[in-house]
Structure formats: structure tokens, C-alpha cells
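Inspection log for the structure reproduced underneath, given as C-alpha cells.
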Amino acid sequence: MEIQLSQTMGSPSSSSSDPNPNSNSNPSSMHSWWEAISKARSRIQALSVILSSSPSISALADSDHPARSLLQSQETYLALSSSLSQPLSGSGDDPLCQWLYETFQSYDPDLRLVVLSFVPLLTGLYLSRIIAPSVENPQPSLSGFEAVILSLYASETKARGGKPILITIPDLSQPSLYHSPRTKTSQAYVQTKPSVGVLCPPLEPQVAVKSTKRAFIVSVALDCYYKQISQMPSWSKLDLCQFAAAWAGQYCSCRSEFDCDNDVWRDGNVKVCEIRDFAEGNEIEVAVEDMRKLGFGEDHMENGGSKGVRIPLPWELLQPVLRILGHCLLAPLNSQDVRDAAAYAVRCLYARALHDLVPQAILATRSLIQLDRRSRLAAKAAAAATAASNANTPSKARKPEVLLVSK
């Protein structure tokens with residue numbers, strides 16, 4: 001059964017429906033709430049039929065917020081990820097692609113978040129198989145992946161309404177208020193028309209993924225993911241970091257610049273690697289053991305165990321990837337695993353940018369490396385200061401305990 005791509009698709013909403021029917025006495029609001037719950041439960045039941053090997057998925061339908069429970073279920077994500085990673089997945093009759101496509105068409109914000117959480121996996125598998133088909137499937141049919149990606153693209157096209165994304169570029173010929181404040185005696189500033197730059201051109205409707213438009217369509221899907229990244233689970237972000245590192249290329253000659261200078265042992269049991277800072281010669285510590293747990297070690301790369309393969313990285317595709325990695329590096333609520341994985345991916349992309357001689361990519365990745373280095377050094381200094389403060393703080397002597405014996 002081929003997936004039929006609809007032309008009428010709504011835009012994903014950042015706000016979710018009110019899960020509490022008692023918060024509004026309006027009967028229509030209560031009906032809308034119950035309809036969202038019923039729809040989420042039906043989608044979960046449909047997924048449990050497809051993934052029959054994971055019986056615990058159906059239990060999510062009994063929760064008070066089934067769509068949110070599905071989004072936050074790592075077991076469900078891993079089960080679906082394992083099935084999508086099979087060599088013959090992604091075709092037009094793939095039931096999981098059909099489920100993702102129909103779930104996104106439900107227009108329920110929480111259900112759409114579930115589909116968006118799989119965007120790194122879908123785009124990673126799709127781009128990798130297009131460039132390097134597997135031995136088991138030398139001529140892959142990826143129309144299922146393409147249908148889901150096109151549904152995201154069509155949703156964003158409708159949301160933008162045919163308008164480009166513009167930015168206002170400041171006129172550097174004018175004096176800055178921070179350096180030359182206005183005074184009563186100063187001459188009036190010459191008013192000039194602000195320069196406007198096009199960040200993204202208007203989106204044109206697409207009914208198929210052509211080779212000339214593939215990178216742009218995928219970049220729009222990744223941009224949809226970035227808009228909701230604060231609500232994405234950590235395992236989804238880790239997938240993006242893994243694919244980004246693999247897309248940069250495992251065997252790029254510039255990767256040698258990131259090799260360890262020396263190996264030391266911290267706390268007697270954790271091996272760390274000092275990654276050189278190219279501009280200033282400073283060094284930061286990144287735990288290699290944590291990287292290898294996530295599949296980022298050199299041994300893992302050499303054995304072909306990483307996700308994805310080296311692919312062409314035009315600037316239009318690299319931009320949303322770097323925005324996502326920037327969030328993974330610097331957002332305060334991210335886990336340390338996500339930050340370490342993003343740090344590794346950014347350094348891989350920096351090496352690739354040096355190899356391909358892409359100035360804007362070199363500048364962007366280099367800036368992220370600097371920000372990551374400074375945040376790690378600041379965190380390390382704060383931890384050392386806290387430890388020193390605790391060591392110098394005298395502890396109060398405990399009062400002797402008095403045992404009262406009743407007569």
C-alpha cells in the first residue's frame with residue numbers, strides 16, 4: 001500500500017492542548033480534550049500492532065496524557081528505531097512510515113511532536129542510504145521516508161504562506177550608540193534604509209524529492225525539528241549528533257587534527273583525551289569513555305559501527321544541523337551525554353569544513369568549539385571553587401548525645 005501524499009496540511013503548533021478538562025467548563029473544550037485523548041490512544045494501539053514484539057507500548061494508551069507518554073518513552077523510541085534501521089525499511093508500503101505519516105496528519109500538537117522526534121533518525125537513514133545503499137538492498141525504495149519528510153515540508157510551506165524569512169542587517173557605516181552616544185551638540189544621524197537579507201527563500205510546493213532539491217527539503221524538515229527542540233527527548237538529540245558526526249566522514253584526513261595528544265587517567269578509572277584548541281593552543285578535557293559508550297570512539301568508527309555514512313554537506317543542509325548542535329552544546333537542561341556527543345560532532349564538522357574549504361562552515365563550527373571550550377572551562381572552574389569553599393568551611397561540632405533514663 002503506497003503512501004498518498006496529501007496537499008492540504010496544517011502547520012505544527014508549538015502549544016499543546018489543555019490536558020485538564022476541568023480547567024474550562026465549555027462543553028466544546030471538553031469534547032476537544034476527549035477527542036485528542038481518543039486520537040492519541042488509537043495511534044498508540046495502531047503502533048502496538050505494528051511493533052508486536054514490544055507489548056509494553058499498548059500500556060501507554062492508559063496514561064492520563066498518552067501522547068506525551070509516547071513522546072517520553074525511550075523503549076518505544078528504541079523499538080521503532082530498530083525497525084526503521086532494518087535494511088529493507090523505508091519503502092512505500094512500510095507500515096511504520098505509514099504510521100508516522102498518518103500520525104503527523106492528525107493535527108494534534110502532541111502527536112506531531114512524537115513524529116518530529118524521529119526526524120533525526122529518518123533524515124539520517126534517508127540521506128545515508130541515498131548516498132551509500134546497503135549490500136542487502138542495493139537499489140532501495142525510500143518513498144516511505146520521502147513521504148514523511150515531504151509532509152513536514154508541506155506543513156512548513158503552508159505555515160510560511162509563500163513568504164521568505166528575512167533578517168535586517170545593521171548599517172555598519174553608521175556610528176554605534178554604544179561607542180558614540182548621541183549628544184545635544186552632535187550632528188543628527190543620517191537615516192538610511194536598513195539592509196534586508198533573505199535567510200530562506202519562499203518555499204515552493206513539492207510533490208516529490210528531486211535530487212536537486214533533496215538537501216533543501218531535508219533542511220526544512222530539520223528546521224521544523226529545531227523549532228520544537230526544547231521538547232525533544234535526549235535520545236532523539238543523540239541520534240542527530242551521531243548522524244552529524246558520520247555525515248562529516250569517518251576517514252577525512254582532517255580528522256587527524258583531533259587525535260589525542262596524550263592519555264591520562266582521572267580518578268583512577270576514567271580515561272580522558274585532551275582535544276587541542278586550534279586558535280589558542282588551549283586544551284579541554286572530553287571523556288573518551290563516555291564517547292565510546294555512545295559509539296563515538298575511534299575503534300567504533302574504524303569497525304563501521306557508527307550511524308550513517310559520509311554525505312555531501314551543502315551549506316543549506318549544514319545550517320539547521322549546526323543550530324541543533326548549538327542547542328545540544330549550550331542549552332542548560334541538556335544531559336552531559338548530549339553535550340559530549342554534540343561536542344564530538346561539531347569537531348568532526350569543523351574538520352570536514354577545513355577539508356572542503358567552506359568559509360562560513362569553518363566560522364560557524366569554530367565558534368561553537370570556542371563556546372563549548374569556554375563553557376567547559378567555566379564549569380570546571382566553578383566546580384573547583386565549590387570544592388575549595390566546602391573544604392575551607394568549618395563544620396560545627398556535634399553536641400554530645402545525652403541518654404535520659406527514666407526512673
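Any read-out appearing in this document is the output of simple, stated calculations on the displayed coordinates, not a laboratory observation. Everything numeric here is computed off the predicted structure, so don't read it as measured data. All Cβ positions, even for glycine, are placed from backbone atoms using ideal geometry, and neighbour counts span all protein chains on display.
Here are a few things to note about the model shown:
- Using R0 = 30 Å, the C-beta based FRET efficiency linking residue 160 and residue 360 works out to 0.80.
- Counted residue by residue at 0.36 nm each, then reduced by the alpha carbon distance between them, the extension gain from residue 380 to residue 58 reaches 111.5 nm.
- Exceedance of the 25 Å cut-off in Cα-Cα distance is limited, within the set 39/213; 158/193; 210/237; 163/227, to 39/213; 158/193; 210/237.
- Built amide H within the under 5 Å cut-off of residue 200, gap 5+: 165
- FRET efficiency, 1/(1 + (r/R0)^6) with R0 30 Å, evaluated for residue 370 and residue 390 via beta carbons: 0.45
- Each of residue 85 and residue 195 was given a label point 7 Å from its Cα along the Cα-to-Cβ line. The distance between the two points is 4.7 nm.
- For the pair residue 331 and residue 72 in one chain, pulling the backbone fully straight at 0.36 nm per residue adds 91.4 nm over the alpha carbon distance.
- Inter-site label distance for residue 227 and residue 207 at 7 Å from Cα along Cβ, in nm: 2.5 nm
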